[in-house]
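For reference, the structure is listed below as structure tokens.
The values are calculated or read from the model by the stated rules, or taken from the named source; none is laboratory data. The structure displayed is predicted, hence computed values, not measured ones. Heads up, the Cβs are rebuilt from the backbone with ideal geometry, glycines too, and the neighbour counts pull from every protein chain shown. Side chains included, ligands, DNA and RNA excluded: accessible areas come from the protein's heavy atoms. Shrake-Rupley method; radii C 1.70, N 1.55, O 1.52, S 1.80 Å.
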Amino acid sequence: MSFETKNIRENISLKGSTKIVVEFFEFALNSILFQRAIYPPEDFKMVKKYGLNVLVTIDDSLKSYLKKLLTQVEVWINAGKISKLILAIMNVENREILERWQFDIQIIDEENKENKGPGGGKKQRTDQEIKNEIQAIIRQITASVTFLPVLEDECTFNILAFTDKDAEVPAEWDDSDPLIIQNPEYVRLRSFSTKNHKVDAIVSYRLGFYDDPKR
Amino acid sequence: MSYPPYQRSAKKNQSQQSDQHNDNPFKPTASTKSTINFTAFSPKNDRELIEARTKIKSLEISKDNLDLKFGRLEAENKSLELKNRELGLQIEGLEKDKDFYYNREKDALKSLENLELENIKLKQAAACETQTLKDKIRELQQNLEDLKTENLIKENDLTRKVQSTELEASKLQYQVENLNEQIRQQHDISASRQKLLNETQQRLDETQEKLNEFNHLSTQLDQIETHNKKVQEQSEHIQELELRNRYLTKEINRNKELSPSIQILQHKLERAEYQLLNMNTLRREAAELEVENTTLKKEKVSWTSLLDQEKDNINSNTPYTVVKELVSRRNEIELLQIRTRSLEEQVRNKDLVIVDHESKIKELRFKYKAMESKFLNEIEASKGSKRLLQKEVEMLMNSLRSYDEEEKQLQSNFEPQKTERIQNLEKLLAEYKEALEQCENKATNIQPKHEEYPEFSELNLHSLENRVIFSNVNLFFSAVKDLKTENASLKEKIMLLDNQIDILERAVGRGEYNKETIRVLEMKDNPASKEFSLRENRLQGLATENQDLKTKLKELYQILENHPTITLELTEDNDSEKETIRVFPIQSYLNLEEENKQLIDQVADKEKRMTRLKEVWKAKAQEYREAVYSLLGYKVEFLENGRVRLTSMYSEQDDHSLVFTSDEDNLGTMQLVDGGNTEYIKSLDNLIKYWVVERGSIPCFLSSLTMDLIGKTALGPIGREMDMTSGRISGLGGNQEFPTLE
């Protein structure tokens, strides 16, 4: 195998992997927004994906926002410049961060067997295995409603991208606060890994019981 | 269940064609009309004309009849052709069947042949297998023999090993005995040397004492001499003093007489007394010295006698030679002491060696016990094999006997092969006997040899091997220790790393990140910023409005204070009302405008939601009707005034429908009121009477109707398709639109 063809193949596999990761983000973010009732349920339609019925938004503004965001995320993943994608849910009234869905993106370096995360050096995964792993995360997101505190007040959300300092940043993007929750409870969700990437998911949330002065 | 409409249309076309065809015989064709030429006949008279006409008519009738016949014949011909086709098809089918059966027969024959071949093969295989099995049996027998020989060889080897080990044990025992003897000799030598050493030590001590005494005496002799001198001097001095005393006394007497002063004399007396006192002490000292002198003289005498005695040992009586001798003896003593130390060290080393040997002996004893048990087991096993061999011998003897008997019986048929066989068997027997004897000998040899050396046969292993083993064991122990320590350190490391992982995981859970290398980005136009900017704008607007209102209020207060009459005018006058409007700040108007915009947006949002809900409702209603249509077989249309029209999926025509309406009480129950076609409803009178009127069950009526319709359409295409997207049903009678639920 010549060096060029090898490079082309790696590039193809990287793009495929990035596509899988970005697609997962799309469905995961939609699921979270539906499950946490950030948007009303009638703004979502049911779609079959990963062997599940996944809810996807039909709200045009949200769709365009997510599309813009994920295209840029795809660029960053391809360049290997993004390490985290965070969906923060906050109270509209007092801007308090209530939930923080964190997706850690790790790049697996197959060539040197030294990965940036723990998923490297393993045998290549089949599409079905990846699908099953993603399915498990989506199921966990759906099931997370059972343990997460109920969002009683009106809430909004913001999505943050943790990139490297040298990453190219378009004009539509700007620096932001990391939107960290003080003394959070957190639950580690399942992870999935492709040939080139590993995605870990964590949801951290504020336990209102301890901080609420009314109680 | 839905069937394609083209089947129905085909049937219809067929029927239309057949109708057209059926119409033909009754209609005169244009060709027939054109063939009759009336102008060809020229009537001579009326009769002939009439006859001709009648003939023509009869001919026409006959022609018509012939046409009819022709038509019938054609129809018959067609039917016959159809029959012929059917028969042809049947023939074809039969031929196909024939071919099929012929092929099957061929296949069966082939399979039979194959089976026969397989059978032959199997037979051959079985024969081969039997042959191979026989070969195997032979091989196994040969193996058995080989194993026996191997067993014998092993036994021999074992006996050799036992003998060699025994020899080694005896050698080792001899070595141990030699070592013990050497140790004893060493002990004896060391004891004798110890004795010698003690004696020399005693002598040395004695000589040392003597030397000390001698030294002391020599010093004392010097002292005595000095004392003697002193004593002599003292005695001389005493004598002088006595002389002087005498002289002085004489002088005193003389002076007493001469000197007048008594005091001086007294002083002199005192001095003389003091001198006398000194004299007394001197006398005492002299006495003591005399005593000492006598003792020293005695010692001297004894020393001189001793020195006379030691003249043989000490060459000269000079102190130098004595001292030399003393030094040489001291050196000897030191050398002896060094030797004793070295001997003691040797003894200790020997003790250590003895301890090592004892431990080795213990280990060897243990090994010997293990070997003994092993040998005993082997002996038992050999005994068992002996028994088995005896049994085999018996069996072989029996077989020999049987062969002999056979031989006797079949002397006429005696073959040379049998003789060979018998000879072989006899050889085998002899071999077995030999083997048995060897086993017995071995068994008998092994036991006494073990009994000969019960106490010291443990040294049956090479010392070198033992050392190697011990060194290996030590190495292993050290390696195990190292590994244990390493394991402990690694465990500690793991603990530390686990703690670190826990800490890091908590940090990750808190959302911590490296601020130096990572940049946090957000889209400028994000939902949160939109919400917050909206609220901020509103807040700012309200704040400015509040500010403006405050300023206006202050201004108004000022105006009111300056012009108290204006207040009434402001409230009553229209012009003044304009002023009051001006009183409100522009910001409040802007705020209201903003609020209005927001409300408009909200309304738009609500409308959007309404449309979405309607879409959802429409989709769900469509889903519901689809389910009802596919499950119950009726298309449901909701008409005005709460009426419902049902059309079966098996209905032949579109207007074959039933209309229901709710009861007068409007309690949710339905009643049949009409149908799409009155004739169709009339055809269902019996069903309606039986089910709806008599039994009052619309579902049963609908079910029986469905069953009737499906019975009618059993031979033809079944069902009709429901176009769920447009709300149309496509069937035999074309499409019919029905209103959708919106």
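On the given criteria, is residue B:111 under 60 Å from the mean Cα position of the chain (by Cα) and surrounded by 11 or more Cβ atoms within 10 Å (Cβ to Cβ)? The answer is yes for residue B:111. Residues that are away from chain A (no Cβ under 14 Å) and either farther than 27 Å from residue A:181 by Cα or surrounded by fewer than 12 Cβ atoms within 10 Å (Cβ to Cβ) (or both) do not occur anywhere in segment B:506-513. Yes or no: residue B:382 more than 60 Å from the chain's Cα centre (by Cα) and of a type in the set (S, T, N, Q)? No; evaluated as a whole, the condition is false for this residue. Restricting segment A:176-208 to residues that are open to solvent by 70 Å² or more (accessible area, probe 1.4 Å) and either within 28 Å of residue A:17 (Cβ to Cβ) or touching a residue at least 40 places away in the same chain (Cβ under 8 Å) (or both), the residue that is farthest from the other protein chains (Cβ to nearest Cβ) is A:195.
Condition check for residue A:213 on (1) more than 9 Å from every other protein chain (Cβ to nearest Cβ); (2) open to solvent by 50 Å² or more (accessible area, probe 1.4 Å); (3) modelled with pLDDT of 90 or more: one failure, at (3).
Contact annotation: residue pairs with Cβ atoms under 6 Å, 6 or more positions apart or on different chains, pairing a residue in segment B:613-626 that is at the interface with another protein chain (Cβ under 10 Å from one of its Cβ atoms) with a partner that is assigned to a helix (DSSP H, G or I), are B:613/A:42.
Of all residues in segment A:141-175, exactly one satisfies the criterion of being more than 9 Å from chain B (Cβ to nearest Cβ), open to solvent by less than 30 Å² (accessible area, probe 1.4 Å) and part of a loop (DSSP other than H, G, I, E, B), namely A:148. Scanning segment B:614-629 finds no residues that are modelled with pLDDT of 85 or more and not in a helix (DSSP H, G or I). In summary, residue A:156 fulfils each of the numbered conditions (1) under 24 Å from residue A:107 (Cα atoms); (2) β-branched (Val, Ile, Thr); (3) at pLDDT 90 or above with the single exception of condition (1). Residue pairs whose Cβ atoms lie under 6 Å apart, sitting 6 or more positions apart in sequence or on different chains, and linking a residue in segment A:64-82 that is within 10 Å of another protein chain (Cβ to nearest Cβ) and at pLDDT below 95 to a partner that is surrounded by fewer than 18 Cβ atoms within 10 Å (Cβ to Cβ) and assigned to a strand (DSSP E or B), are A:81/A:164.
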